[in-house]
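This report refers to the structure that appears directly beneath it.
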Amino acid sequence: MVPENISSDIISEDSRYITKTYLLDFNNKRINGYIDGKAAIEQAIRKTLDTKRYAFEIYDWNYGSQISELIGSNMVKAQMLIEGYIEDALLADNRIEKIENFAIEKDFNKMSIKFDVITNLGIIQIEMEADI
């Protein structure tokens, strides 16, 4: 049953850009307060890229990345696919407009990846490593 006294004005166009969330302390594996703004989007980027897509029923199938599928691939194939995997994972977030300026350095079984994420709050520079 839908309440009759709720105005449609309560849900605004900007509600899809809400960024306030829990502050995740990845090192100590605990929640430590709240976070908002660009820092919250940066945390969401990290969490999205670190979560294996399709592995957890709690998440929608559009959430997470497929980067872990590249483990065991040859470096040429991985380099061709990694940008698309990152874009596919991150562009599902409506706060993210585009990904650009990829720079990839290859090592024996790792890739160091740098890129810019253009969001509704500005540019976020990301540096990450991926095991291949």
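None of the figures in this text is laboratory data; all of them are computed from the coordinates on show. Since this is a predicted model, take the numbers as computed values, not measurements. Here Cβ is always computed from backbone atoms with ideal geometry, including for glycine, and neighbour counts include all displayed protein chains.
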Review point. Does residue 34 satisfy the condition of being touching a helix residue (DSSP H, G or I) at 6+ places or on another chain (Cβ under 6 Å) and either surrounded by 16 or more Cβ atoms within 10 Å (Cβ to Cβ) or not in a loop (DSSP other than H, G, I, E, B) (or both)?
Key: no
Point to revise | Any hit, the range 87-98, residues being in contact with a Lys or Arg (Cβ under 6 Å, 6 or more places away or on another chain), part of a strand (DSSP E or B) and surrounded by 18 or more Cβ atoms within 10 Å (Cβ to Cβ) | key: no
Practice item. For residue 111, state whether it is surrounded by 14 or more Cβ atoms within 10 Å (Cβ to Cβ) and over 22 Å from residue 20 (Cβ atoms). Key: yes
